[in-house]
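A.B. asks: Next up is a structure, given as structure tokens.
Read-outs throughout are calculated quantities, based only on the coordinates presented, and are distinct from any laboratory measurement. Small disclaimer: the values here were computed from a predicted structure and weren't measured. Positions of Cβ are backbone-derived with ideal geometry, glycine not excepted, and every protein chain shown enters the neighbour counts.
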Amino acid sequence: MDHIEDAVQTYILKEFLPGEDPAELTDSTPLVTGGILDSLATLKLVAFLEDRFGITVQAHDVDVEHLDTIVDIAKLVRSRM
Amino acid sequence: MATVALHELLDRSARDYPDNVAIEEPAAHEAGREITYAQLSAFTDRLRDLLREIGVRPGDRVGIYLRKSIDAVVSIFGILKTGACYVPVDPTAPTARNAYILNNCSVRVVILERRFESQLRAELQALGPLPSLLVLEGTVGGVPLGAAPDREAVPRTAGSVSASPAPDDLAYILYTSGSTGKPKGVMLSHRNAVSYVEWCSETFQPSATDRFSSHAPFHFDLSILDIYVPLKHGATLVLIAEDVGKDPVRLGALIAERRLSVWYSAPSILSLLTQYGGLDKYDWPALRLVLFAGEVFPVKHLRALQELLPKPRYFNLYGPTETNVCTFYEVPAKIPPPRTEPFPIGRPCSHLRTKVVDSDGGLVFRGEEGELCVAGSGVMSGYWNLPGPTADAFRLDESGDRWYRTGDIVREDVDGNYVFIGRRDRMVKRRGYRVELGEIESGLYRHAAIKEAAVIALPDEEAGVRVTAFLSCRDVKRPSIVELKRFCAENLPQYMIPDLFVFVDALPKTSTDKIDYQQLKVAP
């Protein structure tokens, strides 16, 4: 069941952390509070999640609580599948 | 025209339209709050009395460290009514940066939310004597501030009146990015603000039935139009919370459901609204004006927006914090499809004069490029406690008039409109905020592992500009990009965090041993 985490990690590395060692981005790395996801990046990530996993993310889910770590994001995706 | 004080605009409306709703504060999970003109005027009188009790005097500075809320607007007017000037800081920025600002202009009092208290207290104590802290448990529709005087057991000062500041007394100080790595305070007077608000009245013809957006944060100069123009005319100001303001889906719904008639923001959020806001789902009967300022609006997105929302008039407003809006341009009703070049910044506002000069200060011929300079009642007094940069910012002409040098290179086209060409220094606009690349570099140098830092900005179709930091490190083992992003998030406002980090053994140098930025810009 780790494929969601892997896909999200790969996407974030490619889009927002080019050049980073993948080992540095763990499931619990803070993304929003850690300065990796700004508002534009968050929108792009949500569009990716919707497209890749065929889900709909509600506007009120687009916040720090649901998106601050890869674990949080995977939980959000599973709850919408 | 007699200059009045900003708070007199509110009190006049409170007399003329006591029962009109002055401010609405939509909340995420409830109906939200609102406050009438009569209530707003009464609350601000009580806060004025409380601030006087704490020791605030005319000419003092008072900090505002609150999320955007009715309480924050009450704070602004309560402060102005004492004759002091307000200093709003960004509640989402690192506490250390805000403490620097509040200490820099030696505020007498800070009005803040409980959640910021302990960290701010610690940061301020490290810098010097602690100002008084007026701590609110939260920000709920003006209630905490309305109740604050009771809690503090302030004797009711019957018959006390608001201060009548002179036109050149300061009304607010807005801190902007500084090239030396520290933010600098732009000092604006009542005359500066009121003359601008009057130009807005003349140009946009607001009425008591208008409903204005408040999208920009209060530490940003767009907030001056947002707050004072509707309140001068008995109209309604609709506050947009920071998180909703970044979210095009919720924002599109809010503009439609709240029947906003005047929208004002940076172009970046309008681009996002156009692409992601689902604007075609709604009717827009009320929206009559779309105003934007702060950066170049890519024509592709502006045209798409106009096609989605054909009814409103669109205005490009231009001006640095030092002058607020100084030129304006109305976008034609239909943008021809082949056009890709950005629209002009337009002609000078009626309360200001402009000219274009060469590097020696001589006027250039129409059509030639030069630096835009601005004079008149909207131009700032100077930078707080920075006589050198203040002197450098102005050029005196033969008749002794002070002309503010914008640093923006423009040319005047055949229609008499100014066209923006670029900057003469290292400032860029990112999501409407001005960013001195030097301030980002200073922030990066604070990291122990960083030996050299150079930051460049390149145009980007999607994000406007893309900011890249080139770094060399003291040790072989470099910090991770994740760590650097976190370090930046702790030390810089979010809009200053670089998009890309590139590590090099050593930065390229010019023959005079300065960092060779030109070479970095063409690096792959």
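A.B. asks: Taking beta carbons within 10 Å but only from partner chains, what does the mean come to for residues B:267-278?
C.D. replies: 1
A.B. asks: Kirkwood hydrodynamic radius, the range B:217-319, all distinct C-alpha pairs: what's the number in Å? All intermediate terms of the calculation are to be shown ahead of the outcome.
C.D. replies: On the way: mean 1/r = 0.0717 Å⁻¹.
When all Cα pairs of the range B:217-319 are included, the Kirkwood radius is 13.9 Å.
A.B. asks: Next question, about the same structure. Taking the alpha-carbon distance from B:Lys232 and a cut-off under 20 Å, which lysines remain once sequence neighbours fewer than 8 residues away in the same chain are dropped?
C.D. replies: B:Lys68, B:Lys81
A.B. asks: Still on this structure, I have one more. Given B:Lys184/B:Lys521; B:Lys300/B:Lys485; B:Lys182/B:Lys300; B:Lys451/B:Lys477, which pairs have Cα atoms separated by over 24 Å?
C.D. replies: Numbers: B:Lys184/B:Lys521 27 Å; B:Lys300/B:Lys485 31 Å; B:Lys182/B:Lys300 36 Å; B:Lys451/B:Lys477 12 Å.
The pairs that break the limit, which is 24 Å between Cα atoms, are B:Lys184/B:Lys521; B:Lys300/B:Lys485; B:Lys182/B:Lys300.
A.B. asks: In Å, the Kirkwood hydrodynamic radius of the range B:6-245 over pairs of distinct alpha carbons?
C.D. replies: Working: mean 1/r = 0.0560 Å⁻¹.
Radius from the Kirkwood sum: 17.9 Å.
A.B. asks: May I pose another question? For peptide A:19-27, what's the mean number of Cβ atoms from other chains within 10 Å of each residue's Cβ?
C.D. replies: Working: counts 5, 7, 3, 0, 2, 5, 3, 1, 0.
Partner Cβ neighbours, averaged per residue: 3.
A.B. asks: In whole angstrom, how long is each semi-axis of the equivalent ellipsoid of the range B:414-492, when you take the square root of 5 times every eigenvalue of its Cα gyration tensor and sort them from largest down?
C.D. replies: On the way: eigenvalues 195, 30, 24 Å².
Listed largest to smallest, the semi-axes of the range B:414-492 are 31, 12, 11 Å.
A.B. asks: Choose one answer from A:Leu45, A:Leu67, A:Leu17: the residue with the largest mean-square fluctuation in a GNM of chain A with alpha-carbon springs under 10 Å.
C.D. replies: Largest GNM mean-square fluctuation: A:Leu17.
A.B. asks: Considering amide H positions built from the backbone, and no H for Pro or chain starts, which residues 5 or more places from B:Gly181, or on another chain, come under 5 Å of its amide H?
C.D. replies: B:Glu439
A.B. asks: Show that you can apply the helix-only estimate: for chain B, add -39,500 (n - 2.57) for every DSSP H stretch of four or more residues, divide by all residues, and state [θ] at 222 nm to the nearest 500.
C.D. replies: Values: 16 runs with 167 residues, N = 524.
That comes out to -9500 deg cm²/dmol.
A.B. asks: For B:Glu24, list long-range residues whose amide hydrogen, built 1.01 Å from N in the peptide plane, is under 5 Å from its own amide hydrogen.
C.D. replies: B:Leu237, B:Val238, B:Leu239
A.B. asks: Let me understand the protein assembly as shown better: what is its radius of gyration from the alpha carbons, and its Dmax, in angstrom?
C.D. replies: Expressed in Å, the Cα Rg and Dmax of the protein assembly as shown come to 24.2, 76.
A.B. asks: How about B:Lys281: which lysines have a C-alpha closer than 16 Å to its C-alpha, ignoring those fewer than 8 places off in the same chain?
C.D. replies: Of all the lysines, those that pass the test against B:Lys281 - Cα under 16 Å, at least 8 places apart if same chain - are B:Lys311.
A.B. asks: For the range B:467-514, which trypsin sites (Lys or Arg not before Pro) are in a loop by DSSP, counting at most 13 other Cβ atoms within 10 Å? Walk me through the numbers on the way to the answer.
C.D. replies: On the way: sites: B:Arg474, B:Lys477, B:Lys485, B:Arg486, B:Lys509, B:Lys514; in loops: B:Arg474, B:Lys477, B:Lys514.
Filter output for the range B:467-514: B:Arg474, B:Lys477, B:Lys514.
A.B. asks: Okay, next question. Enumerate the residues in the range B:411-451 having an amide nitrogen under 16 Å from the point lying 7 Å beyond the Cα of B:Gln275 toward its Cβ.
C.D. replies: Only B:430-432 pass the distance filter.
A.B. asks: OK, next. Testing the spin-label approximation: label points 7 Å from Cα along Cα→Cβ at B:Glu202 and B:Asp513. State their distance in nm.
C.D. replies: Result: 5.6 nm between the two label points.
A.B. asks: With θ set to phi - 60°, apply the Karplus curve 6.51 cos²θ - 1.76 cosθ + 1.60 along the range B:217-234 and write out the HN-Hα couplings as whole Hz, x wherever there is a Gly or Pro.
C.D. replies: x, 6, 8, 10, 5, 4, 5, 5, 4, 3, 7, 8, 5, x, 5, 5, 10, x
A.B. asks: With the contact rule set at Cα under 8 Å and sequence spacing of 6 or more, what percent relative contact order holds for chain B?
C.D. replies: Values: 1080 pairs, mean separation 61.7, N = 524.
Once normalised by length, the contact order is 12 percent.
A.B. asks: From a point 7 Å beyond the Cα of B:Asp283 in the direction of its Cβ, which residues of the range B:238-272 have a backbone N at a distance under 19 Å?
C.D. replies: Taking a point 7 Å out along Cα→Cβ of B:Asp283, the residues of the range B:238-272 whose backbone N falls under 19 Å are B:252-262.
A.B. asks: Could you list, bin by bin from short to long, the percent of Cα-Cα pairs of chain B in 20 Å steps?
C.D. replies: That works out to 21, 56, 21, 1, in percent per bin.
A.B. asks: Calculated FRET efficiency, B:Ser132 and B:Ser160, Cβ-Cβ r, R0 30 Å, to nearest 0.05? Walk me through the numbers before you get to the answer.
C.D. replies: Working: r = 19 Å, r/R0 = 0.65.
Using R0 = 30 Å, I get an efficiency of 0.95.
A.B. asks: For the range B:79-88, just list the computed ³J(HN,Hα) in residue order, Karplus coefficients 6.51, -1.76 and 1.60, θ = phi - 60°, integers in Hz, with x standing in for Gly and Pro.
C.D. replies: Once rounded to whole Hz, the list reads 5, 4, 5, 7, x, 8, 10, 9, 10, x.
A.B. asks: I need the phi-derived Karplus couplings for the range B:4-15: 6.51 cos²θ - 1.76 cosθ + 1.60, θ = phi - 60°, integer Hz, Gly and Pro marked x.
C.D. replies: 9, 7, 4, 6, 5, 4, 5, 5, 5, 5, 5, 6
A.B. asks: Counting other Cβ atoms within 10 Å, which trypsin sites (Lys or Arg not before Pro) in the range B:278-351 have at most 14 and lie in a DSSP loop? Mind dumping the intermediate values first?
C.D. replies: Working: sites: B:Lys281, B:Arg288, B:Lys300, B:Arg303, B:Arg313, B:Lys334, B:Arg339; in loops: B:Arg288, B:Lys334, B:Arg339.
Of the trypsin sites (Lys or Arg not before Pro), the ones in loops of the range B:278-351 whose Cβ has at most 14 other Cβ atoms within 10 Å are B:Lys334, B:Arg339.
A.B. asks: If r is the Cβ-Cβ distance from A:Glu65 to B:Gln119 and R0 is 22 Å, what FRET efficiency results, to the nearest 0.05?
C.D. replies: Working: r = 21 Å, r/R0 = 0.96.
E between A:Glu65 and B:Gln119, to the nearest 0.05, is 0.55.
A.B. asks: Still on this structure: Report the extension gain between B:Ser179 and B:Lys334 in nm, rounded to one decimal, defined as 0.36 nm multiplied by the number of residues separating them, less their alpha carbon distance. Don't skip to the answer; put the middle values down first.
C.D. replies: Working: separation 155, 0.36 × 155 = 55.80 nm, distance 3.96 nm.
Gain on extension, B:Ser179 to B:Lys334, equals 51.8 nm.
A.B. asks: Still on this structure, I have one more. Return the percentage of antiparallel bridges among DSSP beta bridges fully within the protein assembly as shown, rounded to the nearest 5 %.
C.D. replies: Numbers: 54 of 88 bridges.
Beta bridges within the protein assembly as shown, antiparallel portion: roughly 60 percent.
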